[in-house]
Amino acid sequence: MATITAKSLIILGKSLGPAGELHLGMLISLLPLVSLVSGDLLAGGGAPDELGVSTPRGAQVRLAELLAEADAIDAVSARRDAVVFTVERAGAMQEVVATVDARGQVVAVAFDARGDAAARDSHAHGSLGWLSRELDDALAITAIAVDRDGTITAITDDERRYRMIPTRDGNTAVEARWAAAWDAR
C-alpha cells in the first residue's frame, strides 16, 4: 500500500489545478488510483520497496521528505551508483541511500538502520543539518551529481542546487548554494 504524504498531495494538487481547488470528492474519487500508483494493479509495474516507492518520481519526493524530516544529517558519501546520507531520526542512526542512474537522476531510495545515535562521533552531529532546513519546502530531489573530487551536488525539482563536500565539517547553506551556482555557470 502506498503512503500518501503531505508533499504527495501537494504534487497531486499542482497536477490538478491551483492550490485550494482540491475538493474532498475529488480526493475520494482518486483513492482507487493509490493501488494503481503503488504498483499493486500493474502487472510487471514494479513492486514498491520498503519505503512504499515504486517510481523514480516517488523516490525523488521520498528522498526530499526523508532528509527534510531528519533530526540531523551527519554525513554524505558517494558510492558507485548511489549517494548515502547518514541521518539521525528519533534517536537512531540511519543511512538513506539514493540510487542514481548514469545521468545522475534519482531512481530509487532506501534506508538502513545503523543503531543508537549516542554511539556516533559527536563532532559530526548535524554537520549537514542546514540541508534538512533547506529542503523543508522542496518537493523532490531530482538529481545528484558527484564530481571527480567527491563533491556532491543535490538538485531539487525547482532547480536549487546544494553542494556538499564530504571531507568538510560544517558546510553552510549559503556556501553550498553559492558554490553550486558558481559551478553551474
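The values are calculated or read from the model by the stated rules, or taken from the named source; none is laboratory data. What you are looking at is a predicted structure, and each value in this text was computed from that prediction instead of being measured. Cβ coordinates were reconstructed from backbone atoms using ideal geometry, including for glycine residues, and neighbour counts include every protein chain displayed.
Here are the numbers:
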quantity: Residue count for the stretch 132-157, restricted to those that are touching a helix residue (DSSP H, G or I) at 6+ places or on another chain (Cβ under 9 Å) and either surrounded by fewer than 17 Cβ atoms within 10 Å (Cβ to Cβ) or in a helix (DSSP H, G or I) (or both); calculated: 8
quantity: Of the criteria (1) part of a strand (DSSP E or B); (2) modelled with pLDDT of 85 or more; (3) over 12 Å from the mean Cα position of the chain (by Cα), which one ARG114 fails; calculated: (2)
quantity: ARG89 surrounded by 15 or more Cβ atoms within 10 Å (Cβ to Cβ), in the same structural domain as ARG133 (by TED's automatic domain parsing) and modelled with pLDDT under 55; calculated: no
quantity: Residues satisfying the stated conditions in the stretch 27-84, i.e. basic (Lys, Arg) and either at pLDDT 90 or above or more than 17 Å from the chain's Cα centre (by Cα) (or both); calculated: ARG57, ARG62, ARG80
quantity: Pair list, Cβ < 6 Å and 6+ apart or interchain, from the stretch 126-144 residues that are closer than 10 Å to GLU65 by Cα to residues that are part of a loop (DSSP other than H, G, I, E, B) and small (Gly, Ala, Ser); calculated: SER132/ALA70
